[in-house]
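> Handing you this structure, nothing more for now.
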Amino acid sequence: MKILVINAGSSSLKYQLIDMTDESVIAKGLCERIAIDGSKLTHKAHGKSYEFNNPMPNHTVAIKMVLDALVDKECGVVADMSEIAAVGHRVVHGAEDYNCSVLIDEKVLASCEANSELAPLHNPANIMGVRACMAVMPNTPMVAVFDTAFHATMPESAYLYGIPYDDYKNYRIRKYGFHGTSHMFVSQEAAKFLGKDIKDTKIVTCHLGNGSSISAVDGGRSVDTSMGFTPLDGLPMGTRSGSIDGAILEYWMAKTGKSINEALVNLNKKSGMLGLSGTSSDFRDLVEGNGLDVARNKMAVDLFSYHVKRYVGAYTAVMNGLDAIVFTAGVGENTPYVRKQAVGNLEYLGVKLDDNRNENCPRGQAYEISASDSKVKVIVIPTNEELVIARETLAVAKL
Ligand code: AMP
């Protein structure tokens with residue numbers, strides 16, 4: 001049983017073909033510069049990488065190229081497209097319409113389109129990916145897996161902002177949260193690692209990458225998360241500011257004479273680690289001391305780690321307890337310095353990091369970095385959002 005997982009962006013499309021008998025990835029790849037000159041498909045299979053440079057004027061052509069690559073005599077991995085039992089699509093925003101993954105039909109697509117106003121950078125591209133697949137594989141079931149769905153269990157006091165209630169009712173302004181597939185996956189893996197039923201666990205999951213978010217997962221349910229109405233909220237990130245006082249916007253616009261669009265570009269693309277360091281948004285550069293201003297690099301990373309710690313403390317209070325802290329994604333899995341700054345002195349919460357284990361944490365596997373007598377376990381767990389999408393697709397398509 002093979003499931004194709006699609007993550008479509010506005011000019012890119014990532015895919016993985018997963019064999020669900022053993023959950024192995026049998027091929028994966030990336031279409032870049034869709035509808036832009038210089039389109040490229042990079043396809044990886046049989047331990048090799050293949051490149052195709054044909055024009056991709058739209059997502060449908062891109063999907064056709066992906067399917068051609070998958071059945072190709074040399075680089076292909078299936079004899080026939082009919083071997084692909086279903087397609088799972090990452091859809092960023094499900095709003096309040098979806099608290100779980102669903103089989104896609106025209107009604108679902110229409111509601112995703114209506115939710116594009118909440119995620120204008122993501123949903124339209126995700127929908128293009130779905131429509132392209134439907135055009136090329138009309139008889140294959142398609143499933144939507146939403147980034148927001150896992151957070152649908154948040155209580156009102158976590159998801160409402162302190163703004164007029166009518167703004168929530170009339171305009172749907174509330175916290176939705178993102179990275180849901182990742183928080184779900186690593187919290188489930190953590191429960192397995194702890195040897196506990198997830199219903200009996202209180203876990204803070206730290207998805208720290210270029211985009212970062214932290215969730216409080218109580219009994220397997222998300223009860224709070226740091227991203228909000230959009231992924232701009234919460235922690236400072238690679239290039240995003242994270243939460244700021246809303247009044248700064250008007251003040252900054254008056255001072256600089258710039259527009260609201262420029263203000264949003266400033267907050268989304270020029271802030272966070274990039275804006276603070278003036279060097280890079282990449283934690284490798286900042287931690288390894290590359291770039292011009294080493295002190296500013298350190299200030300940026302220390303500020304990031306400080307905010308991680310704030311959320312760990314806050315979410316422990318929210319859940320009235322803590323069994324495990326999980327670090328995942330590019331920074332969480334690879335940056336011992338951030339992990340130590342964030343949870344290295346939380347002894348009063350029962351967290352005792354083992355510096356040696358933290359420094360020498362092997363890549364690509366779940367690994368405990370807390371001391372053996374630490375009450376709270378600190379675990380590094382590689383995330384796997386594609387696998388979650390494939391599992392959800394298998395379950396929803398009832399294959
Ligand atoms: P993601 O969004 O999960 O792909 O994570 C991207 C971030 O992870 C970037 O800031 C990278 O610098 C960081 N990252 C990836 N690999 C490493 C590494 N080996 N050491 C430190 N940071 C890393």
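> Please list, in order, the residues from the range 306-333 whose amide nitrogen is less than 19 Å from a point placed 7 Å along the Cα→Cβ vector of K192.
What the label zone holds, given the 19 Å backbone N cut-off, is 324-329, 333.
> Aspartates and glutamates within cross-link reach of K199: Cα-Cα under 19 Å, excluding same-chain residues under 8 positions apart?
Cα-Cα hits under 19 Å: E189, D218, D224, D323.
> Helix-only estimate, please: 222 nm mean residue ellipticity of the chain, summing -39500 (n - 2.57) across DSSP H runs of length 4 or more and dividing by its residues, to the nearest 500.
Calculated at 222 nm, the ellipticity per residue is -11000 deg cm²/dmol.
> Please give the peptides 58-70, 363-375, 31-43 ranked by average Cβ packing (other Cβ atoms within 10 Å per residue), highest first, as a rough proxy for protection. Could the numbers behind the result be given before it?
Values: 58-70: 21.5, 363-375: 14.5, 31-43: 17.4.
Descending packing order for the listed peptides: 58-70, 31-43, 363-375.
> Leaving out ligands and nucleic acids, note down the accessible area per residue over the chain with a 1.4 angstrom probe, in whole Å². Working shown, then result.
Working: 18150 Å² over 399 residues.
I get 45 Å² per residue for this part.
> Next up: Order these peptides, 310-321, 233-244, 255-266, by their mean beta-carbon neighbour count within 10 angstrom, highest first.
Per-residue Cβ counts within 10 Å, averaged per peptide and sorted highest first, yield 233-244, 310-321, 255-266.
> I would also like to ask the following. What do you get for the angle between helix 59-71 and the principal long axis of the chain? Use alpha-carbon atoms, 0 to 90 degrees, nearest ten.
In the chain, helix 59-71 runs at an angle near 80 degrees to the longest axis.
> To the nearest 0.05, how large is the calculated FRET efficiency for K270 and M299 if R₀ is 22 Å and r is the Cβ-Cβ distance?
0.85
> Of all accessible surface on the chain at a 1.4 Å probe, what whole percent is carbon and sulfur?
On the way: 9320 of 18150 Å².
C and S atoms contribute 51 percent here.
> Using alpha-carbon positions, what is the distance between the centroids of the range 91-105 and the range 354-399, in Å?
25
> Residues of the range 150-174 with amide nitrogen under 16 Å from the 7 Å Cα-to-Cβ point of E250?
163-164
> Now for a different question. Contour minus end-to-end for I173 and S111, with contour as 0.36 nm per residue of separation and end-to-end as the Cα-Cα distance?
Taking 0.36 nm per residue and subtracting the Cα distance, the gain is 20.6 nm.
> I've got another one for you. Quick check: pseudo-label points 7 Å beyond the Cα along Cα→Cβ at T153 and L121, how many nm apart are they?
2.9
> May I ask you to compute the full-extension gain from T140 to R33, defined as 0.36 nm times their residue separation minus their alpha-carbon distance, rounded to one decimal in nm?
35.9 nm
> What FRET efficiency, computed as 1/(1 + (r/R0)^6) with R0 = 22 Å and r the Cβ-Cβ distance, is obtained for H46 and R363, rounded to the nearest 0.05?
0.45
The values are calculated or read from the model by the stated rules, or taken from the named source; none is laboratory data. For clarity, every value in this text was computed on a predicted model and none was experimentally measured. No Cβ is skipped: glycine too gets one built from the backbone with ideal geometry, and neighbour counts run over all protein chains shown. All accessible areas refer to the heavy atoms of the entire protein, side chains included, with ligands and DNA or RNA removed. Shrake-Rupley method; radii C 1.70, N 1.55, O 1.52, S 1.80 Å.
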